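Structure first, commentary second.
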Amino acid sequence: MQGNSIGFWILAALCIAAAVQVVANRNPVRSALALVGVMCCLSVFYFAQGAEFVGAVQVIVYAGAIMVLFLFVIMLLNLGAPNPMMDRVGLSKPVALLASAVLLGSLAFAGALKIAPGRAVKSPVSGTVQQIGYALFDPGRPWLFAFELTSVLLLVGVVGAVVLAQRRSD
Amino acid sequence: MRRDIDVMAEIAFIYPLIALWVGACLLLLLARPLRRATRPGGSAALAGAALLASLAFLVRQGNEGLNVIAFGGSIAGDPLTASICTILLLCGMMAVALAPTYLAARGYDNPEYYVLLLTSLSGAMLMAMARDLVVVFLGIELLSFGLYIMAGFVREDARGGEASLKYFLLGAFASALMLYGIVLVYGSSGSTNIEALRSAVIKESVQSAMFAGGLALVLIGLAFKAAVAPFHQWSPDAYEGAPLPVTAFMSVVAKIAAFAVLIRLADSLAPLHATWLPAVRLLAILSMVVGNVVAVAQQNLKRMLAYSGVAHAGYLMVAVAALGSSHAKGAALDTQTLAMSGAVFYLLAYAIMTMGAFAVLTYVTGTGAECQTLADLKGLARRRPAAAYGMAALMLSLGGVPPTIGFMGKLQIFWAAVAGREMGLAVALALVSVVAAYYYLRVVLTMCFEETGAEPATAGAPRAAGWVVAISATAVLVLGVMPGLLMGLIGMVR
């Protein structure tokens, strides 16, 4: 087993453990911090794949900005203390467990049969800013349009936030 | 130099979208004067103008727009795209007409509503244009963001907020599933372009479990947006809580856009149908049965129409299954055309019928409390005869009674199912239609034969909503007798 494959498995185990904590921990602040852990692990994966830019963005934007926002919201709403949000168990828990077991089982099955990962995507030589720029902004490639579309999406998000937060007009 | 000319042609292809976006930006820029205007309806007029401009661009493209491939193959035009976009724009106009009086009565006739409506509609049109799963996803998000917020637009109404939040949480979950599906598809095939996927499937280079699983998740995401059972649980609550004009818009536009993508996938990824078809058949049967049976028990008309929407999604899934099946069995091209034009015809029929039914409710609501239960319609034939007759025509059409467009639509899907050798689905379609007739007819009976002490209403009926009722009720009858009128729009689907 090669060195970087050992690294992958250690990180993968860490990442999944953190992801489980996000869902399982009763304390929202700890869940959010566990999510930071997931983001950081993901970013290491990106670095390992040679996508440095995406890896850095993952840390700066997600682990940094967005998670801080999450924490602000949690603290602003005073959700820091354990709350009864998981008390409603009923039928949903066994069903959810069953569903995740099926998903896990089928993924493991696919892995065991070497079906996944199937046709490996040709990984980029290196994820430099320049290459991503060419990929995003070359009008001959499909990503320019998608990129521009996200700007409309962001505008709608802003308008929506204002609509939901503003006072009633007279 | 040639490159520049190409880019301009590609941009010309999305003029219909740009018209909507420019309209939205103008509404935002003029928000202040529009809010201060003494007469309501200024924003609606501007939004209507944007929709008309968009339609004009679409019509002007004509046949040139039918074989454009733009932006590196991420969007393209073909007859299916053109007809779906036309239907969507017509729905948008009707939805705009329903809004001003209703919202003004609640103090919410704000320009932002129309901004969200226009961008939402542009998302739906993008889904019809998309040839790349990434654009499909962005289209879905653009469509849904607007719908989430519009559902909670009247903020004093607690149920509107509940509807908005429920729709948002479940919708975000479905989007995440779909995105995961797209990732799996990309991971196993190396592309998100539908054409590239098609050729990969034909070459059988990606028959992996991962690819099939990814497509299954994409199917689930679309089924959620189209409110296909068992992914319909959000729809009754969201429909009931959202303001009436929003319910009208969301019930029609989201379904049309999701089915545009489903039809495209069924058509493009044809050789995969051995694994795909059973799922589509199951969804079709479940939707038809769940929608029709649960609708019988509803006293609230918005909930009833939500379940009826689930049932209609089931009929449309029959058409999708027939399309896939005729591909899988290598049937003649005209069998596929039959299924495809049947589906588009039914989408148009569904749009007119449902939009019209909600228009009647908006019309009767006027500036007062929302008319949404069966009891609210008691004696409508005496109070507002014109609205009651319109509603009767629309209900008969939804129930698939001849000579209405609903009947013609069902007939076309039935034919397509028979031609595509989907006998089981064809029989199921016929059987559930009998159940469906019951609850639609109950509405008619309530309007005509049950009386209340309420006096005949005189004032407060919104004229624009009245026009929508009149136009849709007329269209339902005229097109039911002469469906050939639509062949210009539908017949060119292939």
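The values are calculated or read from the model by the stated rules, or taken from the named source; none is laboratory data. Since the structure is predicted, the reported quantities are computational estimates derived from the model, not experimental observations. Backbone-built Cβ (ideal geometry, glycine too); neighbour counts: all protein chains shown. Heavy atoms of the whole protein, side chains included, go into the accessibility calculation; ligands, DNA and RNA do not. Shrake-Rupley method; radii C 1.70, N 1.55, O 1.52, S 1.80 Å.
Provide the solvent-accessible area of residue B:166, counting protein heavy atoms only and rolling a 1.4 Å probe, rounded to the nearest 10 Å².
Result for residue B:166: roughly 70 Å² accessible.
Using all alpha carbons of the stretch B:274-494, what is the percent of pairwise distances in each 5 Å bin, ordered from the shortest bin to the longest?
1, 8, 15, 19, 18, 14, 10, 7, 4, 2, 1, 0, 0
Among B:468, B:244, B:21, pick out the residue whose Cα is farthest towards the positive end of the charge dipole of chain B, where Lys and Arg carry +1 and Asp and Glu carry -1 on C-beta, about the Cα centre.
B:468
As a check on your grasp of the helix formula, calculate [θ] at 222 nm for chain B: sum -39500 (n - 2.57) over DSSP H runs of n ≥ 4, divide by the residue count, round to the nearest 500.
-26000 deg cm²/dmol
Mind checking Rg over Rh on the protein assembly as shown, alpha carbons, Kirkwood formula for Rh?
Here Rg/Rh amounts to 0.97.
Where in the stretch B:138-154 does the label zone of residue A:57 land, with the point 7 angstrom along Cα→C-beta and an amide N cut-off under 19 Å?
B:138-139, B:141-142
Give me the count of lysine pairs in the protein assembly as shown whose alpha carbons sit under 21 angstrom apart, restricted to pairs 8 or more positions apart or on different chains.
13
Could you give the spread of the C-alpha atoms of the stretch A:1-77 along their three principal axes, from largest to smallest, in whole angstroms?
Ordered largest first, the stretch A:1-77 gives principal extents of 47, 27, 10 Å.
How large is the dipole of the protein assembly as shown about the Cα centre if only Lys and Arg carry +1 and Asp and Glu carry -1, each at its Cβ, rounded to the nearest 20 debye?
It comes to approximately 440 debye.
Using only Cα atoms, find the angle between the long axis of helix B:133-151 and the longest principal axis of chain B, and express it within 0 to 90 degrees, rounded to the nearest 10.
10
Report, to the nearest 10°, how far helix B:301-328 tilts away from the longest principal axis of the Cα atoms in chain B, using its own Cα long axis and a range of 0 to 90°.
Helix B:301-328 sits roughly 20 degrees off the main axis of chain B.
Using a 1.4 Å probe and counting only protein heavy atoms, arrange A:162, B:280 so the residue with the most accessible area comes first.
A:162, B:280
Longest segment of chain B with no GluC sites (Glu not before Pro) in a DSSP loop having at most 13 other Cβ atoms within 10 Å?
In short, B:205-450.
How far is helix B:2-13 tilted off the main Cα axis of chain B, in degrees rounded to 10, range 0 to 90?
Computed tilt is about 30 degrees.
Out of B:294, B:373, B:418, whose Cα points farthest toward the positive end of the dipole of the stretch B:274-494 (charges: +1 Lys, Arg; -1 Asp, Glu; placed on Cβ)?
Sorting the options by dipole projection puts first B:418.
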